[in-house]
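Written below as structure tokens is the structure these notes are about.
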């Protein structure tokens, strides 16, 4: 059974701080990793994809992947109240195209 | 603009009734998926389809049925056998490549409640 684990939170950070969201996965053969943001009552929207070890930056977002330790993280710099949402981690194993989703981490950015 | 259209936005089901949720995409994606999301929970896969006229059960298929007669369309029927249908239903699509996996794109969802 492939598992993707996230701390449900909530993770509370002050405005302007760095929010760090973590995700671990069980299948060592996983190859594709995605972070989605889901606002309350809305559908998930893709914010980052990462496929190789290391960091990938896009604006205020940085995804970090460490396949040896089987974790992927998302850093949000200069957090804003509009970043308050649930962040879902999704992982696809080699040979598949279907992602396994974590339950999500709730992030609250307070002014 | 390309995207995924789900309808209706809200749906109410009476006891013993079957209801059908619509999902249409114009992204030319091969794969389509249906998920159920309960409050405070992650996404649970109901059914998925990679090609027309073929689909597979996901983790929680009991009480649901689907069809894939056209590449663009993947309707989900919630049957009367699904005793607890109240949830947020999400349709998604993605390309299916032999190389790098591509992420899923989601519709806006349908919220289903029991009358």
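The values are calculated or read from the model by the stated rules, or taken from the named source; none is laboratory data. From a predicted model like this one, the values you see are computed outputs, not experimental measurements. Neighbour counts are summed over all protein chains in view; Cβ atoms, including those assigned to glycine, are modelled from backbone coordinates with ideal geometry.
For the stretch A:51-59, the condition holds for no residue, the condition being that it is modelled with pLDDT of 95 or more and buried (at least 16 other Cβ atoms within 10 Å of the Cβ).
Within the stretch A:25-43, being farther than 23 Å from residue A:84 by Cβ and within 8 Å of chain B (Cβ to nearest Cβ) holds for A:31, A:32. Exactly one residue out of A:64, A:80 is farther than 25 Å from residue B:38 by Cα, crowded, with 17+ Cβ neighbours inside 10 Å and at pLDDT 95 or above, and it is A:64. Please state which one of B:58, B:109, B:16, B:42 is touching a strand residue (DSSP E or B) at 6+ places or on another chain (Cβ under 6 Å) and on the phi > 0 side of the Ramachandran plot. Checking each option against the conditions leaves just B:109. Please tell me if residue A:88 is surrounded by 22 or more Cβ atoms within 10 Å (Cβ to Cβ) and under 24 Å from residue A:28 (Cβ atoms). It is true that residue A:88 is surrounded by 22 or more Cβ atoms within 10 Å (Cβ to Cβ) and under 24 Å from residue A:28 (Cβ atoms).
Whether a residue is within 14 Å of another protein chain (Cβ to nearest Cβ), crowded, with 17+ Cβ neighbours inside 10 Å and modelled with pLDDT under 95 was assessed, and residue A:98 passes this test. Looking only at the stretch A:44-79, count how many residues are over 13 Å from the mean Cα position of the chain (by Cα), part of a strand (DSSP E or B) and within 14 Å of chain B (Cβ to nearest Cβ). Qualifying residue count for the region: 1. Residues that are closer than 14 Å to residue B:66 by Cβ and part of a loop (DSSP other than H, G, I, E, B) do not occur anywhere in the stretch B:28-45. Remark: residue B:81 falls outside the filter, which requires a residue to be in a loop (DSSP other than H, G, I, E, B), more than 10 Å from every other protein chain (Cβ to nearest Cβ) and surrounded by 15 or more Cβ atoms within 10 Å (Cβ to Cβ). Inclusion of residue B:100 among residues that are assigned to a loop (DSSP other than H, G, I, E, B), loosely packed, with under 13 Cβ neighbours inside 10 Å and facing chain A (nearest Cβ under 9 Å) is warranted. For the stretch A:14-28, a tally of residues being part of a loop (DSSP other than H, G, I, E, B) and surrounded by 12 or more Cβ atoms within 10 Å (Cβ to Cβ) returns 5. Where residues in the stretch B:84-97 are in a loop (DSSP other than H, G, I, E, B) and farther than 20 Å from residue A:98 by Cα, which of them is nearest to the other protein chains (Cβ to nearest Cβ)? In this case the residue turns out to be B:86.
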